[in-house]
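Below is one structure, written out as structure tokens; the observations come after it.
The values are calculated or read from the model by the stated rules, or taken from the named source; none is laboratory data. This is a predicted model, so every value here is computed, not measured. Here Cβ is always computed from backbone atoms with ideal geometry, including for glycine, and neighbour counts include all displayed protein chains. Side chains are part of the model used for accessible areas, which takes the heavy atoms of the whole protein and leaves out ligands, DNA and RNA. Shrake-Rupley method; radii C 1.70, N 1.55, O 1.52, S 1.80 Å.
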Amino acid sequence: MPKIVDHEERRQVLVEAAWRVIARDGIENVTVRLIAKESGFSAGTLSHYFADKDDILRVALEKADDNIRRRLDAIPPDVAPLERLVRVLSESLPLDEERTYELTLDVNFWARALNQPALRKLQHADHDVWRNRVRKAVESARQAGELSNNVPAEDLADVLVAFVDGIGLQALVYPELMTTERVEHLLATQIRSLQGAAAVLNNPAQLPVKPSQPKPSQPKSSQSKPSLSKASHSKTNKPKTKPSRPKTKTK
């Protein structure tokens, strides 16, 4: 009796093997042979599921994005808007092994997408979906009064997306500094700062500056110096006295 093969399951095994190879060796060093060895299947088996190396990488990236969307969809609808925003942002941070693999894969694709229009288009589409999710979460938090309405939701969303991209990359490069606890703490700090500083972001002139020391007030000239006329008047009216000469005795 022929063995029944679950092709979707096998395809998933191959994709996850590609993730591990990319995370370990870098995207430029990935080969079909390495993926086959990592997965435990032959290179010929891979050819039944993927056209070439680029096809494997594309599917691996799509699968990572699908995983993120699946987790976002699983957030309960009754979660408070601000907590939902934090959860949405957290799904793109390397807070566990799965999300670390996903972000490592994504970062590896950034450089490759610069020179490959097809991959760049895929990256743009994924980024637009992710950014739209964040923007909707921001709008919900604003409507609930948990974020200020002084700054457009689109601007706040872009600030948060840029923050997550930056801190996520630092966590990959400097894991000893950007631990999971540190990343979570900084995300919470960023959210709190937006709660109170949204108005400042809308008007950079309101940014706090170091107060300057007040200059001592200059006294008015009429108070600090006597007028010339008064000085001359007092000088001219002052009685002059001649020094007395000693009297001489006559013989």
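A few points about this structure:
- Residue check for ARG71: under 19 Å from the mean Cα position of the chain (by Cα), modelled with pLDDT of 90 or more and within 18 Å of VAL15 (Cβ to Cβ): no
- Among all residues of the stretch 200-217, there is at least one that is surrounded by 12 or more Cβ atoms within 10 Å (Cβ to Cβ), at pLDDT below 50 and either over 21 Å from ARG135 (Cα atoms) or of a type in the set (A, V, I, L, M, F, W, C) (or both).
- For the stretch 61-68, the count of residues that are in contact with a helix residue (DSSP H, G or I) (Cβ under 8 Å, 6 or more places away or on another chain), farther than 30 Å from ILE191 by Cα and in a helix (DSSP H, G or I) is zero.
- Residue list for the stretch 176-191, filter: touching a residue at least 60 places away in the same chain (Cβ under 8 Å) and either surrounded by fewer than 14 Cβ atoms within 10 Å (Cβ to Cβ) or of a type in the set (Lys, Arg) (or both): ALA188
- Selection count where residues are under 11 Å from LEU103 (Cα atoms) and open to solvent by 10 Å² or more (accessible area, probe 1.4 Å), scope the stretch 160-169: 2
- Within the stretch 149-159, one or more residues are at pLDDT 80 or above, part of a helix (DSSP H, G or I) and open to solvent by 70 Å² or more (accessible area, probe 1.4 Å).
- Residue list for the stretch 37-48, filter: modelled with pLDDT under 90 and crowded, with 17+ Cβ neighbours inside 10 Å: LEU46
- For the stretch 109-124, the tally of residues that are closer than 17 Å to LYS63 by Cα, open to solvent by 50 Å² or more (accessible area, probe 1.4 Å) and under 22 Å from the mean Cα position of the chain (by Cα) stands at 3.
- Of all residues in the stretch 1-30 being within 19 Å of ALA111 (Cβ to Cβ) and open to solvent by 60 Å² or more (accessible area, probe 1.4 Å), the one that is modelled with the lowest pLDDT: GLU28
- Pairs are defined by a Cβ separation below 8 Å, a sequence spacing of at least 6 or placement on different chains, a first member in the stretch 58-76 that is under 10 Å from VAL88 (Cα atoms), and a second member that is loosely packed, with under 15 Cβ neighbours inside 10 Å and not charged (D, E, K, R); the pairs so defined are ARG69/VAL129.
- Filter result for SER92 (under 15 Å from ASP66 (Cα atoms) and either outside any helix (DSSP H, G or I) or in contact with a Leu (Cβ under 8 Å, 6 or more places away or on another chain) (or both)): yes
- Selection status of ASP78, at pLDDT below 95 and closer than 23 Å to ALA23 by Cα: no
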